[in-house]
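Engineer: For reference, the structure I am asking about is given below.
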Amino acid sequence: MATSLSPILAWFNHQKWQPLPFQQQTWDAYLAGHSGLIQVPTGSGKTYAAIMGPMADMLANPGHGAKSGHGLKLLYITPLRALSRDIEKSIQKPITDMDWPVRVESRTGDTKAAQKARQKKSLPEILITTPESLSVLLSYKGAKQRFGNLRTVILDEWHELMSSKRGTQTELCLAQLRLIQPELKTWAISATLGNLEEAAQAAVGLGTKPVIIQSDIKRDTKIQSILPESVDSFPWAGHLGLHLFQELVDSLDAEKSTLIFTNTRSQSERWFQALSFAEPDCPMALHHGSINMAERQAIEAGIKNGDLKWVICTSSLDLGVDFHPVERIVQIGSAKNLARLLQRAGRSAHQPGGTSEVFFLPTNALELLEIAAFRQGLAEGDIESRHALRLPYDVLTQHLVTLACGDGFKPEATLASIRQTVAFQDISDAAFEWMLNFLEKGGRCLNAYPRYQKLVLDGGYYKVSTAQISRMHRLSIGTITGNQQVQVVYTNRRKLGTVDEGFVSRLKKGDVFFFSGRQLEFFR
């Protein structure tokens, strides 16, 4: 059956919108059977460009091999679980407005256990997830049935993923999905990338020629520096920038919605205390990944409805979250690269053609040189390139155990599929054999220890040797390294968030510290 864009155009008309040329171009490319990459400025409508082609296909051809048309058709992968709520709302809006028979859900670390258990049995037509949660799904038996009707994968904020081990993890998961469903289409989304061809190829795999879609939409960014009176007394390195906090307060407007970005969670806590002291009447909040999920959601809602004017945050808010009321961005300390600065700048005036306003507050003298370089790069349109990692064997080792926990894997077919990824296109037969020997027998060093003999060959398939290995493996899936986390709760058991175990181990009863914007006393 031919696919019509009529339902999509009807919803755009219902919104009194006109599809932008790059959106129409993406839909046409998708319906023509292509995969590719969309690069347009932040706030220009990339999500609907990527999602509406697959949506039209779902509406026109609901039964495509699935009972009664149900089953997973579209997988939307996002690098941050905080983004999933906004993406789900954006996708749900046209479904609700037009009463389309499509179900959309999220599956991340924030998803409740009961919903995850239900999703194992029955996935919605559209699932929004992270690389880690996708790996966990692949580790359960029945992956062929679960993903057998999948038609499309969308990779959001691909520039943020591809140059890390999480990007390699995503590439390997996609290779397995393409092994299950060879007709799978992949579309990556990015706002800031310097090497589009390489990034697009990493997203779609080596066996496919990607389509690259760009737009002539221009988005201006204005950078204003907050400088000390004298550079002579300015520190050359380190520091949190707090010696300039009064200059920042004098530069800001308590009536303008502002996101104030810091580079670490501890820095955000210190700045929140300083700004709360300086402007006690300004509605402000603190947002970072260690704060309890319910509180993070309340803060995000407060930004959107305008109740909160200043929010001190980390990278937890610098990707993809749609905050229309935000008028200004502050960057405390160097953003480390121009692409990240533009991402954070895109949180203000988050709409096509908007002008982002960024205040840069240096924490030391060397960052004055960095902001000068940022300005030059911005004027020349010179964005950093991101490159896929090459041969990170630790990620592949974990991936093979993940597959073995599920339906198992055939070594020849799996090797052929992973060679279609940019990360492992050059893996040798000998390296793959060494890896299998390590997982099956513990290698030459660990073969005397049964717990390192994770895999067994059964009927041509490698599978895990015990159920306990599966349970333990799922607890550690992922490539983000970090210390053990400990819950912070009041004595009445109300949860505040999590902190590193190393920090807690140094506390003594009666010690006072700041967390989640509160002054707390350590009880036990």
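Throughout, read-outs are computed from the coordinates displayed, never taken from laboratory work. Everything quoted here is computed from the prediction, not taken from an experiment. FYI the Cβ positions are ideal-geometry reconstructions off the backbone, even for glycines, and counts take in every protein chain you see.
Engineer: What Kirkwood Rh does the chain have if only Cα atoms enter the pairwise 1/r average? Answer in Å.
Structural biologist: Mean inverse Cα-Cα distance, inverted, gives 24.8 Å.
Engineer: Let me ask another. Dipole magnitude of the chain about its Cα centre, charges +1 at Lys/Arg Cβ and -1 at Asp/Glu Cβ only, in debye to the nearest 20?
Structural biologist: 2360 debye
Engineer: What is the helix-to-structure angle for 429-441, meaning the angle in degrees between its Cα long axis and the longest Cα principal axis of the chain, kept from 0 to 90 and rounded to the nearest 10?
Structural biologist: Result, in degrees: 90.
Engineer: May I pose another question? Between PHE523 and GLU255, how many nm apart are label points set 7 Å from Cα along the C-beta direction?
Structural biologist: That separation, rounded to one decimal, is 4.3 nm.
Engineer: Determine the alpha carbon to alpha carbon distance for each of LYS120/LYS209; LYS93/LYS222; LYS410/LYS441; LYS116/LYS454; LYS141/LYS410 and list only those over 24 Å.
Structural biologist: The answer is LYS120/LYS209; LYS93/LYS222; LYS116/LYS454.
Engineer: Also: Please find the FRET efficiency linking ARG506 to LYS120, where r is the Cβ-Cβ separation and R0 is fixed at 41 Å, and quote it to the nearest 0.05.
Structural biologist: 0.55
Engineer: For segment 460-510 and segment 395-425, what is the separation of their C-alpha centers, rounded to whole Å?
Structural biologist: Centre-to-centre (Cα) distance: 26 Å.
Engineer: If I fit a long axis through the Cα atoms of helix 366-380 and take the longest principal axis of the Cα atoms of the chain, what angle between them do I get, 0 to 90°, rounded to 10?
Structural biologist: Once rounded, the angle reads 60 degrees.
Engineer: Another question, if that's okay. Between LYS336 and LYS218, what length comes free when the chain is fully extended (0.36 nm per residue of separation minus the Cα-Cα distance, one decimal in nm)?
Structural biologist: Here the segment from LYS336 to LYS218 would lengthen by 40.1 nm.
Engineer: If you count, for each residue, the other Cβ atoms within 10 Å and average over each peptide, how do 300-307, 85-92 line up from highest to lowest?
Structural biologist: Put in order of decreasing packing, that is 85-92, 300-307.
Engineer: Sticking with this one: For the chain, what is the calculated [θ] at 222 nm in deg cm²/dmol (nearest 500), taking -39500 (n - 2.57) for each run of four or more DSSP H residues and dividing by its residue count?
Structural biologist: Calculated from helices alone, the mean residue ellipticity at 222 nm is -12000 deg cm²/dmol.
Engineer: Can you pull out the trypsin sites (Lys or Arg not before Pro) in segment 108-180 whose DSSP state is coil and whose Cβ has at most 16 other Cβ atoms within 10 Å?
Structural biologist: When the trypsin sites (Lys or Arg not before Pro) of segment 108-180 are filtered for loop state and at most 16 Cβ neighbours within 10 Å, LYS112, LYS141 remain.
Engineer: Given the Cα-Cα distance of ALA413 and ALA10 and 0.36 nm per residue of separation, how much length would full extension add, in nm?
Structural biologist: Value of the extension gain: 140.7 nm.
Engineer: Let me ask something else. Please say if segment 220-380 is rounded, prolate or oblate, where rounded means a/c under 1.5 for a ≥ b ≥ c the square roots of the C-alpha gyration tensor eigenvalues, and otherwise the choice is prolate for a/b larger than b/c and oblate otherwise?
Structural biologist: Oblate shape, in that a/c is at least 1.5 and b/c is the bigger or equal ratio.
Engineer: Shape of segment 372-522 from its Cα gyration tensor (a ≥ b ≥ c, root eigenvalues): rounded if a/c is under 1.5, otherwise prolate when a/b > b/c, or oblate?
Structural biologist: Here segment 372-522 falls in the oblate category.
Engineer: Non-local amide H neighbours of ILE212 (under 5 Å, H modeled in plane, Pro and chain starts lacking H): which ones?
Structural biologist: Distant-sequence amide H within range of ILE212: LEU37.
Engineer: Could you work out the relative contact order of segment 75-231? I mean the mean sequence separation of Cα pairs under 8 Å and 6+ apart, divided by the number of residues, in percent.
Structural biologist: Computed value for segment 75-231: 22 percent relative contact order.
Engineer: Counting other C-beta atoms within 10 Å, and keeping those with at most 16, which DSSP coil chymotrypsin sites (Phe, Trp or Tyr not before Pro) do you find in segment 10-110?
Structural biologist: Here the chymotrypsin sites (Phe, Trp or Tyr not before Pro) that fit, given the DSSP loop and packing criteria, are TRP17.
Engineer: Does segment 6-214 classify as rounded, prolate or oblate by the C-alpha gyration tensor (a ≥ b ≥ c root eigenvalues; a/c under 1.5 gives rounded; else a/b over b/c gives prolate, otherwise oblate)?
Structural biologist: Rounded, because the longest to shortest axis ratio a/c is under 1.5.
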